[in-house]
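First up is the structure itself, then whatever we jot down about it.
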Amino acid sequence: IDTKEPVRDQTPFTGPTGETRHYEYIFVPVLGDDRRVNAVAGSTRDITQQFKAEKVVEQDRRRWRELLLQAPAAIALLRGPEHRFEWVNKEYIRFIARPAEALVGKTVLEGLPEVDEQIYVNLLNRVYQTGEPFVAHESPIRLTGADGTLRDLYVNFVYLATRDIAGEIDGIFAHVTDVTDMVLARKQVEDSERQFRTLAETIPHLAWMADETGHIFWYNRRWYDYTGTVFEDMEGWGWQKVHDPQVLPDIVAAWKSAIGSGQPFEMVVPLKGSDSSFRSFLTRAEPVKDNQGRVVRWLGTNTDITDQRRTEDELRRMNRELEEFAYVASHDLREPLRMVNIYTHLIVKTLGEVDGKLGLYSGFVRRGVAQMEKLINDLLTYSRTVQAEELPVGIADLSVSLNEAMSVLKDRFEESGALVTAPPLPAVRGDTGQMSHVFQNILSNALKYRKEGVCPQIVISCHIEADHYIISVRDNGIGFEPQYAERIFGLFKRLHKDEYPGTGLGLAICKRIVERHGGRMWAEGYPGEGCVFRFSVPRVQPS
């Protein structure tokens, strides 16, 4: 009545039954000729079902908006042909590194000016014009970061046209997933793969790769050059065609066993070349495992050791000849030395009691003969330890070895008044006699290089490191300069040539014996503070 305009609205109304329903009403003023309201015409329509449907739609909208707001993908709703931001979720804000208020109400180019020269605005235009969705994977994009610098990123994204009630396009729904880390990780893997393949193509070995089942899917070029084959012949288990049929069953069994256990494969196998001749190859395959320890790939190499084997055979032959020569030479040298010693003694005896130079010279001869005999014996001992091919077998009781060594040196112990302390020593795999020789040389050195007027004190100890026993022999002798710790194990290497007798072979023999037992030997010392010799030997594994 006041405005002379129609009024239209909605209102809830509770009827006599107590049920509340929703109604739409309209009031229309009826005007007279004088433009005054003579009456009001009204009508009411029950819109309860429509109201409830709209409520459901609104609830669904809120629910979907909340889900989209919390979604792990970057989502934005753009309106109009100018692509103006209407709404963005939290992940979109994080992804573009700027607040929502810097975007909402602005066009894409206003909010993200750095994409002007990129493909994305043109794609938005195309989707808006055609209504056809656009999907892209691992698309590069450059965005400004929070620090103002441009970042190179990779995204998966979808552009979908949105429509109004009339079915006309009114905006675009953008769904963006940041896959930068995944793409960079894959590129790194691909780079590593390229580097590996480049390396595998340049190494002088035959190389190949197999999956977890043993199916070989790649060989390097050297494999094809040597075998004269092509990939179609060798794929999978085709490699059996270039192996010796007589040993092939053993190779296949060993390879299948490695695949089943996931343990490295190693075997010397004959491979047939393009000229149909066989050469010996050391074949190794290492499993590549994932974070759960599952084998996902095998990397294999074949190394031609034919020439190496021939060289080793030749060296073994020469060593045998050298050993035979050493035995013959020792026999032939011992006899004249024995004759020199005997006739020197007869000459002195025939002349009777002699003084002066003749007695002095005869003493030199006898000492020289004794030194030569000791040198020959040490050379023979070293020759045997170097020549021996088989590893020591059996069990060596180190306590027994120590007692044997001390029994041999009994007179020298009594003469010097030396005191030896040792705990019970373990049993190891090896030879008791050879280990006794090691103790004998170390103890003999402790007695030889003692301090003047000081009783030698020798302390032997043992402890475990991983799968080895470490035996230590410490003395209180004259010691040595630390820089000579390696030199003393060399052939004929002696630090005190004039003051102390010896051949310079004792420690070299000890080191060789310990190494043949699967251990190592080393020493530490300081002048005037004594020294300690240590050697390791593998522990006996329980059967």
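The values are calculated or read from the model by the stated rules, or taken from the named source; none is laboratory data. The structure presented is a predicted model; accordingly, all values stated were derived computationally and were not measured. Methodologically, a virtual Cβ is constructed for each residue, glycine included, from the backbone with ideal geometry; neighbour enumeration extends over all protein chains shown. Ligands, DNA and RNA are excluded from the accessible area calculation, which covers all protein heavy atoms including side chains. Shrake-Rupley method; radii C 1.70, N 1.55, O 1.52, S 1.80 Å.
Out of D225, D304, I need the residue that is loosely packed, with under 13 Cβ neighbours inside 10 Å, at negative phi and modelled with pLDDT under 95. Which one?
Going through D225, D304 in turn, the sole match is D225.
Just to be sure before I move on: is L425 in contact with a helix residue (DSSP H, G or I) (Cβ under 7 Å, 6 or more places away or on another chain) and either modelled with pLDDT of 85 or more or assigned to a strand (DSSP E or B) (or both) in the structure I sent?
yes
I'd like to check something: does region 488-495 contain any residue that is more than 26 Å from D431 (Cα to Cα), open to solvent by less than 60 Å² (accessible area, probe 1.4 Å), of a type outside the set (V, I, T) and at pLDDT below 85?
yes
Within region 244-292, which residues are open to solvent by 90 Å² or more (accessible area, probe 1.4 Å) and in a strand (DSSP E or B)?
Selection gives E266, F278, R284, E286, K289.
Filter region 397-412 down to the residues that are open to solvent by less than 20 Å² (accessible area, probe 1.4 Å) and either touching a His at 6+ places or on another chain (Cβ under 6 Å) or free of Cβ contacts under 8 Å to residues at least 60 places away in the same chain (or both) and list them by number.
Those that are open to solvent by less than 20 Å² (accessible area, probe 1.4 Å) and either touching a His at 6+ places or on another chain (Cβ under 6 Å) or free of Cβ contacts under 8 Å to residues at least 60 places away in the same chain (or both): S401, L402, A405, L409.
Which of (1) part of a strand (DSSP E or B); (2) touching an Asp or Glu at 6+ places or on another chain (Cβ under 9 Å) is the odd one out, the single condition A446 does not satisfy?
In the conditions (1) part of a strand (DSSP E or B); (2) touching an Asp or Glu at 6+ places or on another chain (Cβ under 9 Å), A446 misses (1) alone.
Is it the case, given these coordinates, that A508 is surrounded by 14 or more Cβ atoms within 10 Å (Cβ to Cβ), modelled with pLDDT of 85 or more, closer than 19 Å to S536 by Cβ and of a type in the set (G, A, S)?
Against the criterion (surrounded by 14 or more Cβ atoms within 10 Å (Cβ to Cβ), modelled with pLDDT of 85 or more, closer than 19 Å to S536 by Cβ and of a type in the set (G, A, S)), A508 does not qualify.
Give the residues of region 425-440 that are among the charged types (D, E, K, R) and either over 13 Å from V540 (Cβ atoms) or buried (at least 20 other Cβ atoms within 10 Å of the Cβ) (or both), sorted by residue number.
The answer is D431, and nothing else.
Could you grab the pairs with beta carbons closer than 6 Å, sequence gap of 6+ or different chains, first residue in region 6-20 and farther than 17 Å from K55 by Cβ, second one open to solvent by 70 Å² or more (accessible area, probe 1.4 Å) and not hydroxyl-bearing (S, T, Y)?
V7/F27
Given the criteria polar (S, T, N, Q), open to solvent by 80 Å² or more (accessible area, probe 1.4 Å) and either out of contact with any strand residue (DSSP E or B) (no Cβ under 9 Å at 6 or more places or on another chain) or closer than 24 Å to R186 by Cβ (or both), does N122 qualify?
The answer is yes for N122.
Is it the case that some residue within region 363-370 is out of contact with any Ser or Thr (no Cβ under 9 Å at 6 or more places or on another chain), among the small types (G, A, S), modelled with pLDDT of 70 or more and surrounded by 14 or more Cβ atoms within 10 Å (Cβ to Cβ)?
Looking through region 363-370, at least one residue is out of contact with any Ser or Thr (no Cβ under 9 Å at 6 or more places or on another chain), among the small types (G, A, S), modelled with pLDDT of 70 or more and surrounded by 14 or more Cβ atoms within 10 Å (Cβ to Cβ).
Can you tell me which of E110, E82, E168 is within 27 Å of R63 (Cβ to Cβ), open to solvent by 70 Å² or more (accessible area, probe 1.4 Å) and modelled with pLDDT under 95?
Unique residue meeting the criteria: E168.
Restrict the check to region 480-492 and report whether at least one residue is closer than 24 Å to S399 by Cα and in contact (Cβ under 8 Å) with a residue 60 or more places away in the chain.
The answer is no; no qualifying residue exists.
In this structure, is G18 small (G, A, S) and open to solvent by less than 50 Å² (accessible area, probe 1.4 Å)?
no
Do any residues in region 199-212 that are in contact (Cβ under 8 Å) with a residue 60 or more places away in the chain and under 12 Å from D304 (Cα atoms) have Cβ atoms under 7 Å from those of residues that are open to solvent by 40 Å² or more (accessible area, probe 1.4 Å) and of a type in the set (S, T, Y), where the two are at least six apart or on different chains, and which pairs are they?
H205/T301; L206/Y226; L206/T301; A207/T301
Write out, first by first residue and then by second, each pair whose Cβ atoms fall under 8 Å of each other, whose residues are 6+ apart or on separate chains, and whose first residue, in region 26-54, is free of Cβ contacts under 8 Å to residues at least 60 places away in the same chain and at positive phi while the second is open to solvent by less than 90 Å² (accessible area, probe 1.4 Å) and of a type outside the set (V, I, T).
Cβ pairs passing all conditions: R35/K4.
Restricting to region 425-465, give me the number of residues that are without any contact (Cβ under 8 Å) to a residue 60 or more places away in the chain and on the phi > 0 side of the Ramachandran plot.
1
Among strands (runs of 3 or more DSSP E) lying entirely in region 64-164, which contain 3 or more residues that are of a type in the set (A, V, I, L, M)?
Correct list: 74-79, 134-144, 150-163.
Among the residues of region 434-485, write down those that are over 40 Å from the mean Cα position of the chain (by Cα) and of a type in the set (S, T, Y).
Result: S436, S444, Y449.
Restricting to region 15-39, name every residue that is part of a strand (DSSP E or B) and over 28 Å from D2 (Cβ atoms).
Selection gives T20, R21.
So which residues in region 137-157 are surrounded by fewer than 16 Cβ atoms within 10 Å (Cβ to Cβ) and of a type in the set (A, V, I, L, M), if there are any at all?
Matches in region 137-157: A146, L150.
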